[in-house]
Amino acid sequence: MAQNIMDTLRERGLIKQTVYEEELYEKLGKESMTFYVGFDPTADSLHVGHFLALMVMGHMQRAGHRPIVLLGGGTAMVGDPTGKSDMRKMMTKETIDYNVGRFREQMARFFSFEGENAAIMVNNADWLLKLNYVDFIRDIGVHFSVNHMLAAECFKSRMEKGLSFLEFNYMLMQSYDFLELYKKYGCLLQLGGDDQWSNILGGADLIRKKEGVTAYAMTFSLLLTSEGKKMGKTEKGALWLDKEKTSPYDFYQYFRNVADADVENCLKYLTLLPIAEIEAMTSCYTEGEQNGKTVRFYDKAINLAKERLAYEVTKIVHGEAEAKKAREQARGAFGDGEEMPEAVMPSGVSRIVDLITALSLAPSKGEARRLIEGGGIRIDDAVVDDVAAALTEEQIKKGFVIHKGKKVHLRVRPS
């Protein structure tokens, strides 16, 4: 093996917490380890919140370690309370099975299901749905302290609104997954986002108590903005990896427009570019005081780093051809290239407020009205200042460009 994978992950700022760190470092440097990451199939596509986990799995596999993708077909029927203020909607088995079937193709863009240390995909429904509850509680539940569980962060946030007994079982079930994967595949390492720390530790402790061996846990940083908010939320909802749910252009534009302060971390977390190259691209700043804090003030060169970031992440998710197309479309929208994203004029639409929603530039007519009232919509070079305004016959026949703010530009062709 080359460089220890923990060094690679550390220099990119990805490792948040570990257990038995020195021993784990030594094992990862000497032998190929089998590790797993769990994904609950609560939607029919992965989203940008999964991106970081997928990148870590790719780094691990390239360093010689074997990934297990654990699909939570069983745990999804219970629902993970982590990070949720309300109970998740119950899902049918058919919906879960359908969602499971959509994940493999997207994951294959990040790591391989072929070769010597090929990733394998398993579904915890295969063992969880067959459990006898009384046997499970006697065999597994006896090793868990209720007091300790209630102190876990994943449960604390739900105590005020109420935590169902259904969800309270989630930690036991996830811990049992780790035990099963150890027995079936010799898996001794679970990875996950830092919000899963309590659940991951539960599994490592269970293996130690049941099998008398040391299991390991590692969490990675969550994908947050410099303001501490989760990345990936857009006006249209989540930023999906499925191009039918989020177009490659919209995906590209999201990362092209991240805050200056977030560019360096995103390049380290979400691309494979060398650290030295990333630091060179993002060193275009001076430091100063703002509201009593030392902050970085970036110059215009940071925009080149943003464009590189958007291109690299779009290439990973959608392929090089789509990344190049999105880049040219974005450059065209700002006058730097030849292409601009296009749409066909919706039939039967003439009012601009209706056009905005028909083109998915706003999620509702109420939001479309607010955009117009705030001066945020232009047709060609004219600002739309009347919510009752309509397109002219010439615009409908010949087409036009609609601008939403400074960052969204769409050429509308006649139908």
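Please give, to one decimal in nm, the separation of the simple spin-label points placed at Lys233 and Ser360, each 7 Å out from Cα toward the Cβ.
Going from the Lys233 label point to the Ser360 one covers 2.0 nm.
Compute the Cα gyration tensor for the range 343-413, then decide on rounded, prolate or oblate, letting a ≥ b ≥ c be the square roots of its eigenvalues: rounded whenever a/c is under 1.5, prolate when a/b is larger than b/c in the other cases, and oblate in all that remain. Before the final figure, lay out the partial values.
Details: a/c = 1.40, a/b = 1.30, b/c = 1.07.
Rounded is the answer for the range 343-413, as its axis ratio a/c remains below 1.5.
Students often get this wrong: which residues of the range 42-65 have the backbone nitrogen under 12 Å from the point 7 angstrom along Cα-to-C-beta of Glu116?
62-65
Kindly flag which residue pairs out of Lys243/Lys404; Lys130/Lys229; Lys315/Lys398 have an alpha-carbon separation exceeding 29 Å in this structure.
Numbers: Lys243/Lys404 22 Å; Lys130/Lys229 39 Å; Lys315/Lys398 34 Å.
Cα-Cα > 29 Å for Lys130/Lys229; Lys315/Lys398; rest within.
Could you pull out the longest piece of the chain with no exposed loop trypsin sites (Lys or Arg not before Pro) in it, calling a site exposed if DSSP puts it outside H, G, I, E, B and it has at most 10 other Cβ atoms within 10 Å? Before the final figure, lay out the partial values.
Values: sites that count: Lys89, Lys130, Lys161, Lys229, Lys300, Lys406.
Within the chain, the longest run free of exposed trypsin sites (Lys or Arg not before Pro) spans 301-405.
When the dipole is taken about the Cα centre of the chain, and only Lys, Arg (+1) and Asp, Glu (-1) are charged at their Cβ, what size is it in debye, to the nearest 20?
Numbers: 54 positive and 59 negative charges, 108 e Å.
The calculated dipole for the chain is roughly 520 debye.
Please list, in chain and number order, the residues 5+ apart from Val412 or on another chain whose amide H is under 5 Å from its amide H, with Hs placed from the backbone.
When sequence neighbours closer than 5 places are left aside, the close amide H contacts are Ala343, Phe400, Val401, Ile402.
For the range 57-70, what does the Karplus curve 6.51 cos²θ - 1.76 cosθ + 1.60, with θ = phi - 60°, yield as ³J(HN,Hα) per residue in whole Hz, taken in order and with x for Gly and Pro?
After applying 6.51 cos²θ - 1.76 cosθ + 1.60, I find 4, x, 4, 4, 5, 5, 8, x, 9, 9, x, 10, 8, 9 Hz.
If contacts are Cα pairs under 8 angstrom and at least 6 residues apart, what is the relative contact order of the chain in percent? If you can, show how the numbers build up before the last one.
Numbers: 636 pairs, mean separation 59.2, N = 415.
Relative contact order comes out at 14 percent.
Between Glu21 and Lys93, how high is the FRET efficiency from 1/(1 + (r/R0)^6) when r is the Cβ-Cβ distance and R₀ = 41 Å? Nearest 0.05. Don't jump to the answer; show the numbers that get you there.
Working: r = 39 Å, r/R0 = 0.96.
Calculated value: 0.55.
GluC sites (Glu not before Pro) within the range 283-368: which are DSSP loop residues with at most 12 other Cβ atoms inside 10 Å? Don't skip to the end; give the middle numbers.
Numbers: sites: Glu287, Glu289, Glu307, Glu312, Glu320, Glu322, Glu328, Glu338, Glu339, Glu342, Glu367; in loops: Glu338, Glu339.
Within the range 283-368, the qualifying GluC sites (Glu not before Pro) (loop, at most 12 other Cβ atoms within 10 Å) are Glu338.
Have a look at Pro41, Thr271, Gly193 and report the one farthest towards the positive end of the charge dipole of the chain, computed about the Cα centre with Cβ charges (Lys/Arg +1, Asp/Glu -1).
Projecting each Cα onto the dipole axis, the largest value belongs to Pro41.
Compute the signed sum of charges (Lys and Arg +1, Asp and Glu -1) over the other residues within less than 14 Å, Cβ to Cβ, of Glu11.
Values: positive: Arg10, Arg12, Lys268; negative: Asp7, Glu264, Glu277, Glu279.
Spelling it out: positives minus negatives among the neighbours equals -1.
Values quoted throughout were computed directly from the atomic coordinates according to the rules given, and no laboratory measurement underlies them. Note that this is a predicted model, so its numbers are computed, not measured. Cβ sites come from the backbone with ideal geometry, for glycine too, and all protein chains shown count toward neighbours.
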